[in-house]
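Undergrad: Below you will find the structure I want to go over with you.
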Amino acid sequence: QVQLVESGGGLVQPGGSLRLSCAASTTIFTLYAMGWYRQLPGKQRDLVATITSDGSTNYADSVKGRFTISRDNAKNTLHLQMNSLKPEDTAVYYCNAKRLVWSYWGQGTQVTVSS
């Protein structure tokens, strides 16, 4: 069992920046593929960005060039740097850890982009 705890969400104006973090409670963090997803009420949970155990990244087209996913394996932490935020980025952001048949989710952190 892996526990994931997100932090860093909040209210930001359009054009602003936020940095999300996800702390993972596992001693084998380096073996997990990690990702950020987001969800609006009543909508499906959509991929934002993923990073493999060897550091390869993948982004949704809507966030390419604005968001950067990274991982700190020494601290068992995942990050999402979000720049040039838009109102349409407003959602609950979830951290995900995947390995083999296992998939774990955090509780989510709210990001609201509004003036």
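The values are calculated or read from the model by the stated rules, or taken from the named source; none is laboratory data. Quantities reported herein were computed from a predicted structural model and do not represent experimental measurements. A quick note on method: Cβ atoms are made from the backbone with ideal geometry, for glycine too, and the neighbour counts reach across all protein chains shown. Surface areas here come from the heavy atoms of the whole protein model, side chains and all, with no ligands, DNA or RNA. Shrake-Rupley method; radii C 1.70, N 1.55, O 1.52, S 1.80 Å.
Undergrad: Give me the lysines in straight-line cross-link reach of LYS86: C-alpha distance below 18 Å, same-chain residues under 8 apart excluded.
TA: Straight-line reach from LYS86, under 18 Å: LYS64.
Undergrad: Please give me, ordered by residue number, the trypsin sites (Lys or Arg not before Pro) of region 34-83 that lie in loop per DSSP and have at most 14 other Cβ atoms within 10 Å.
TA: Those satisfying the criteria are LYS43, LYS64, LYS75.
Undergrad: When ranked by the protection proxy of mean other Cβ atoms within 10 Å per residue, highest first, what sequence do the peptides 98-105, 47-54 form?
TA: 47-54, 98-105
Undergrad: Using a 1.4 Å probe over the heavy atoms of the protein chains, calculate the carbon and sulfur portion of the accessible area of the chain as a whole percent.
TA: Answer for the chain is 50 percent, counting heavy atoms of protein chains only.
Undergrad: Let me ask you something else. Can you figure out the FRET efficiency of SER17 with VAL101, using R₀ = 35 Å and their beta-carbon distance, to the nearest 0.05?
TA: 0.45
Undergrad: Still on this structure, please answer the following. Counting only DSSP beta bridges with both residues in the chain, tell me the antiparallel percent, nearest 5.
TA: Of those bridges, close to 95 percent are antiparallel.
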